[in-house]
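One structure is given here, and the rest of the page talks about it.
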Amino acid sequence: MAVYKIKVATGTDLAAGTFNNIFIILVGEHGESEKHQITRHWSHFLPGSVTEFDINVEKDLGDLLLVRLNMEHYLNFLLDDWLCQYVNVTSPSGQLYQFPFYQWISKPGSVEVPEGKGVIITGSTPPILLRQRKTELEMNRETYKWKVYAEGVPRCIDMEDDGAFKLPPNDQYSLLKEISFGYNLFSIGFGTILKGFLFNKDSWHNLEDIKLLSTLRQSQKSELVSEIWKEDSFFGSQYLNGVNPSLIKKCFKIPENFSVVDEMVASSLGPSTNLETELQNEHIFLADYKILENIPTNIINEKQQYIAAPMCLLWKNSQDQLVPIAIQLIIPHFRYTLEINVLGRRQLLAPNGRFEKAWVFGDGGIPLLLKKAMEGVTYHNLCLPDNIASRGMESIPNYLYRDDGMKIWLAVESFVSNIVNYYYTSDAMVKEDPELQAWVAEIFKEGFLQNSSSEVPSSLESIASLIKYLTMVIFTCSAQHAAVNGGQFDMYSWMPNGPTTMKSPPPTAKGATMEAILKTLPDVNTTALGLIFMWTVSNDPLDTRRLGNYPNKYFTEKTPQQSIKEFQDKLTEISKHIKERNKTMDLPYAYLDPSVVENSVSL
């Protein structure tokens, strides 16, 4: 008779516990145990609890490969979900086997949990693990199916419009996060209602009135933005460190469709230089919003809305500031270049170019915008070092998105390299891993629509290619998302700096009166909706998981655990450097501070 010591941990989520009966079966190389019920006690399945008990097995099972958990009704209680963190088993010889799970079990039947060691599928993989992996894959394919959102756009999960609440419990927000999201939304939404903003369809009568709305919610940076938003240097800096820092590129030649000449920019450049000289000196930069051409617009408050497709020429001056020198507007049937006053400039060209504020787009606008965006997606644009180089942005000063982003990219790359090289000892192992290759192929097919011109890999042939691919995925879902999402409230809660829409078509001549500009800016209620949106997406909810922090310990082996610790140490150093630098800055940049970057997109 062999005695195995068992520990079963229930998750810490507020609803993690269960009234159900839970049974366990141990599966090893030499067979499996009988089904044993986990002992019942009022405290055994409370959130955060750890239940310890022994089971007797007639023979030594050899190396344990997995545990099988079963959930069954207890008396007449309704079947409720159970969040299992892990099962640890100590064998009769004293060897510890760890089975991390961190998932909900929500229906009767068995769930198989493999040991927490990385296993690459090879010819020597035990059949029972092959079966477990195949079964899990088939279940996932049944649960998560692809759906065509629109032609030419990446596939999305197949669910109804309200399907987020029907997803499996493992894919829903934790109760704590749901509560915090609801509170954030309610608190600011209720404030706009009480103050009368949310249902007011009038135009703003003056800029000072807009500050009344801003007082509902402010951050230190948003308050500063409302003071400096008219400055050309701040306008230019948003292309470097705003919420769309990947649009700007170095300009070596004025595009043929940009009708700018020396006389137009002479007053900005000064008498000692000219446009051609500054092009040769690599001091001219371009932001091209051609993606917005011919996008249909919406009707809001019974008023047609408008949008332009601007091109903005910027100049790095002798103070290393990036300032606008020419803006060309493109709307259907018109193209004209003009110098616009500061209010009109921001009305026509929100420099950060964030388009989630989708109410400006009409029927079909979002699918068309996404399709045009997909046509420009390339693998090197998704990889930060390649992206920086392709835009000629390696040396421009004060590009903090680049500086901080590269530090994180290299830290992620080092972490990924350590993990990959631990499990894959040769390029052949990468090429012959069926699960890995199927995963990459499916992303290429469903995510990138098999567009070979994007140069996104459809397969991986080496350890180096795997490291780059995984680094790209992790960086995009964590740091890149933080860079383009975290600053929306800071930059846009002061609406004149980034209006969500225009109620009048762009001007066709220089100059605009304040009255005309105010009539073009979003109505009061539209401005209030924008504030609610930006506060909700920018404000961190509870139960966040910061980059490099993995409370769910899926890796149980010593080497990967050490790699995680080294990764965390590097991120801590990066965070320390950013915080120290920001202390000396009037307009600090903290969106890529690892202490605020989440492990993945959570909105």
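Overview of results
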| read-out | value |
| --- | --- |
| Selected residue (criterion: least open to solvent (accessible area, probe 1.4 Å)) from residues of region 494-522 that are of a type in the set (Lys, Arg) and in a loop (DSSP other than H, G, I, E, B) | Lys503 |
| Counted residues, region 553-584 - those being among the polar types (S, T, N, Q) and over 19 Å from Tyr422 (Cβ atoms) | 4 |
| Search result, residues across region 158-175 that are among the hydrophobic types (A, V, I, L, M, F, W, C) and open to solvent by 60 Å² or more (accessible area, probe 1.4 Å) | Met159, Phe165, Leu175 |
| Residue match in region 71-85 (condition: out of contact with any His (no Cβ under 8 Å at 6 or more places or on another chain) and closer than 27 Å to Thr125 by Cβ) | yes |
| Failed criterion for Pro154 (all others in (1) touching a Ser or Thr at 6+ places or on another chain (Cβ under 7 Å); (2) within 28 Å of Ile443 (Cβ to Cβ); (3) open to solvent by less than 50 Å² (accessible area, probe 1.4 Å) hold) | (1) |
| Candidate set: region 62-121, residues that are among the aromatic types (Phe, Trp, Tyr) and in contact with a strand residue (DSSP E or B) (Cβ under 8 Å, 6 or more places away or on another chain); chosen: the one farthest from Leu137 (Cα to Cα) | Tyr74 |
| Scan of region 458-478 for residues that are over 30 Å from Asp593 (Cα atoms) and either open to solvent by less than 40 Å² (accessible area, probe 1.4 Å) or under 21 Å from the mean Cα position of the chain (by Cα) (or both), ordered by number | Leu460, Ser462 |
| Failed item, numbered, when Thr122 is tested on (1) loosely packed, with under 13 Cβ neighbours inside 10 Å; (2) at pLDDT 90 or above; (3) hydroxyl-bearing (Ser, Thr, Tyr) | (2) |
| Matching helices (runs of 4 or more DSSP H) fully within region 126-230 where at least 3 residues are of a type in the set (Val, Ile, Thr) | 127-143, 175-194 |
| Residue match in region 177-198 (condition: under 30 Å from Pro47 (Cα atoms), aliphatic (A, V, I, L, M) and surrounded by 14 or more Cβ atoms within 10 Å (Cβ to Cβ)) | yes |
| Test for Lys371: is it assigned to a helix (DSSP H, G or I), of a type in the set (Lys, Arg), more than 19 Å from the chain's Cα centre (by Cα) and on the phi < 0 side of the Ramachandran plot | yes |
| Condition check for Leu61: assigned to a loop (DSSP other than H, G, I, E, B), open to solvent by less than 20 Å² (accessible area, probe 1.4 Å) and farther than 24 Å from Pro169 by Cα | yes |
| Those residues of region 160-190 which are touching a Ser or Thr at 6+ places or on another chain (Cβ under 8 Å) and among the β-branched types (Val, Ile, Thr), in sequence order | Ile188 |
| Subset of region 18-44 that is more than 14 Å from Ile6 (Cβ to Cβ), assigned to a loop (DSSP other than H, G, I, E, B) and open to solvent by less than 40 Å² (accessible area, probe 1.4 Å) - its residue that is modelled with the lowest pLDDT | Ser43 |
| Cβ-Cβ under 8 Å pairs, at least 6 apart or on other chains, region 365-384 side open to solvent by 60 Å² or more (accessible area, probe 1.4 Å), far side among the β-branched types (Val, Ile, Thr) | Leu368/Ile295; Leu370/Val153; Lys371/Val153 |
| Tally, over region 565-588, of residues that are of a type in the set (A, V, I, L, M) and either open to solvent by 100 Å² or more (accessible area, probe 1.4 Å) or within 17 Å of Ala479 (Cα to Cα) (or both) | 3 |
| All positions within region 403-454 that are open to solvent by 70 Å² or more (accessible area, probe 1.4 Å) and in contact with a Ser or Thr (Cβ under 6 Å, 6 or more places away or on another chain) | Tyr422, Asp427 |
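The values are calculated or read from the model by the stated rules, or taken from the named source; none is laboratory data. Given the structure is predicted, the values throughout are model-derived calculations rather than measurements. Neighbour counts are summed over all protein chains in view; Cβ atoms, including those assigned to glycine, are modelled from backbone coordinates with ideal geometry. We work out accessible area using only protein heavy atoms, side chains counted, and drop any ligands, DNA or RNA first. Shrake-Rupley method; radii C 1.70, N 1.55, O 1.52, S 1.80 Å.
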